[in-house]
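The values are calculated or read from the model by the stated rules, or taken from the named source; none is laboratory data. Small disclaimer: the values here were computed from a predicted structure and weren't measured. Protein only, heavy atoms only, side chains kept; ligands, DNA and RNA dropped before computing areas. Shrake-Rupley method; radii C 1.70, N 1.55, O 1.52, S 1.80 Å.
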Amino acid sequence: MPLHSCTLTDIDRYELAMILAGLRLLQQTPALPPEIKEIATECGAFTSLGWAEIETLIGRINSASEYPWRDVTEDDAETAALEARVAALFEEIV
């Protein structure tokens, strides 16, 4: 049973891109900052997902989404805006 109920129709393509970018960042980060680890483990209630589990989750999200992450938009201006939003997220994290 999921901890929270949400469908991907509740998430717009920009939010979806941020979620997927965040998951990819988690995959590439060897040691999480304590505040991020608290979120990922619900304050130690469970173990955070490993690389393969995150990969599976990304696949599940992509297969259920009407916005596949590689084809977020056909519009170049929207694509540039999305890339800027994702880049800003990485700057905030780093």
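Would you check the accessible area of residue 10, probe 1.4 Å, heavy atoms only, in square angstrom rounded to 10? The value for residue 10 is about 100 Å².
Order the following by accessible area, largest value first: 79, 56. Probe radius 1.4 Å; ligands, DNA and RNA are ignored.
Final ranking, largest accessible area leading: 56, 79.
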